Amino acid sequence: AKTNTPITIGIQGEWGSGKTSLINSIQSSLNKQGDIYKQIWINAWEHCLLINPEVALLNIATEIIEKILYADEGKNRKEKVKEVVKKVFQGALKATATLSLGKNAGEATSQILSSSSSNIKNLRENLQSAAIEVCDLKTNKTERFVIYVDDLDRIDPVTAVRVLELLKNIFSIQKCV
């Protein structure tokens with residue numbers, strides 16, 4: 001509970017082996033400690049239904065960002081980070097649009113992650129500031145953000161790896177597990 005951040009923990013096992021039950025148990029245990037953990041639950045499989053993997057990546061990242069920002073009562077911070085998110089994802093959507101023109105999915109994902117690297121760095125820095133600021137608010141008891149990404153085993157393994165790459169690139173910030 002008092003580990004240094006950022007930290008990423010992976011739970012692996014066969015489908016149906018109890019990974020979600022373990023995560024539910026962890027979440028329940030953290031809930032008993034009060035409001036010091038802002039817990040964010042993402043179901044990766046739901047985001048990947050009926051859309052291409054790149055759009056799913058953007059949807060997952062956007063949902064996590066919105067939930068982190070929701071904990072920040074400072075509207076100026078929210079607007080600043082949302083503007084950076086918009087810039088990053090506009091570039092990403094341009095790269096994604098090339099998929100319909102015949103570029104393979106791996107190339108498009110690489111383009112999202114590499115051509116926007118300075119924007120992703122800027123986004124990460126803004127999220128870092130927002131996370132620290134939220135945790136430092138005197139009116140807020142939040143000390144850590146805990147993000148659960150469930151059901152990765154229900155989606156295509158290549159897509160799952162891309163989801164993890166993007167999330168690791170963006171959310172490798174202090175105060176974030």
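The set of residues in region 25-49 that are open to solvent by less than 70 Å² (accessible area, probe 1.4 Å) and in contact with a helix residue (DSSP H, G or I) (Cβ under 7 Å, 6 or more places away or on another chain) comprises Tyr37, Gln39, Ile40, Ile42, Ala44, His47, Cys48.
Search region 19-61 for residues being assigned to a helix (DSSP H, G or I) and among the β-branched types (Val, Ile, Thr), and hand back the single one that is farthest from Asp150 (Cα to Cα). Before you say what the answer is, go through the steps one by one.
We begin by selecting, within region 19-61, every residue assigned to a helix (DSSP H, G or I); these are 19-31, 44-48, 53-61.
Filter once more, so that each one left must be among the β-branched types (Val, Ile, Thr): 20, 23, 26, 55, 60.
Values: Thr20: 7, Ile23: 8, Ile26: 13, Val55: 18, Ile60: 11 Å.
Per the stated criteria, the residue is Val55.
Residues being outside any loop (DSSP other than H, G, I, E, B), modelled with pLDDT of 85 or more and among the acidic types (Asp, Glu) are entirely absent from region 164-173. Residues of region 138-159 that are over 21 Å from Lys32 (Cβ atoms) and open to solvent by less than 50 Å² (accessible area, probe 1.4 Å): Val149, Asp151, Leu152, Ile155, Thr159. A single entry from Leu22, Leu99 fulfils the requirement of being modelled with pLDDT of 85 or more and surrounded by 11 or more Cβ atoms within 10 Å (Cβ to Cβ): Leu22.
The values are calculated or read from the model by the stated rules, or taken from the named source; none is laboratory data. All values reported here derive from a predicted model rather than from experimental measurement. Reconstructed Cβ throughout: ideal geometry from the backbone, glycine too, with neighbour counts over all protein chains shown. With ligands, DNA and RNA removed, areas are computed over all heavy atoms of the protein, side chains included. Shrake-Rupley method; radii C 1.70, N 1.55, O 1.52, S 1.80 Å.
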